[in-house]
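The values are calculated or read from the model by the stated rules, or taken from the named source; none is laboratory data. Since we're looking at a predicted model, the values are computed, not measured. Methodologically, a virtual Cβ is constructed for each residue, glycine included, from the backbone with ideal geometry; neighbour enumeration extends over all protein chains shown. Calculation scope for accessible area: heavy atoms of the full protein, side chains included, ligands and nucleic acids excluded. Shrake-Rupley method; radii C 1.70, N 1.55, O 1.52, S 1.80 Å.
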Amino acid sequence: MAAPQGPSCPVRFLVEHHYPEGPKGGASPCEVRFFGRRGKPVKKMRLIPAAKAFAIARKLQGAKGSTISVI
């Protein structure tokens, strides 16, 4: 039986782990931010198209004290 081969758009989550600055930066827990389709922080994890997630991640990369993850 053949599987349908329609157009597909993989979806992903975009998460930022923000670490506090200071001499004991690793001692306190990190703050987690989730991003939506417009690249703005939202309260819950939101599914966004993979191409958009990677584009937003490229803009946010290199920020001091943070790590960007596309899950």
> Which of (1) at pLDDT 90 or above; (2) open to solvent by less than 50 Å² (accessible area, probe 1.4 Å); (3) touching a Phe, Trp or Tyr at 6+ places or on another chain (Cβ under 8 Å) is the odd one out, the single condition Phe35 does not satisfy?
Replying inline: (3)
> What are the pairs, 6+ residues apart or on separate chains, where a residue within the range 28-39 that is without any contact (Cβ under 8 Å) to a residue 24 or more places away in the chain and within 10 Å of Ser66 (Cβ to Cβ) has its Cβ under 7 Å from a residue that is outside any strand (DSSP E or B) and open to solvent by 50 Å² or more (accessible area, probe 1.4 Å)?
Replying inline: Cys30/Tyr19
>> With the requirement that a residue be open to solvent by less than 50 Å² (accessible area, probe 1.4 Å) and at pLDDT 90 or above, what does the range 43-69 give you?
In response: Ile48, Pro49, Ala50, Ala53, Ala55, Ile56, Ala57, Ile68, Ser69
>> Tally up the residues in the range 1-32 that are in contact with a Lys or Arg (Cβ under 9 Å, 6 or more places away or on another chain), at pLDDT below 90 and of a type in the set (A, V, I, L, M), please.
In response: 0
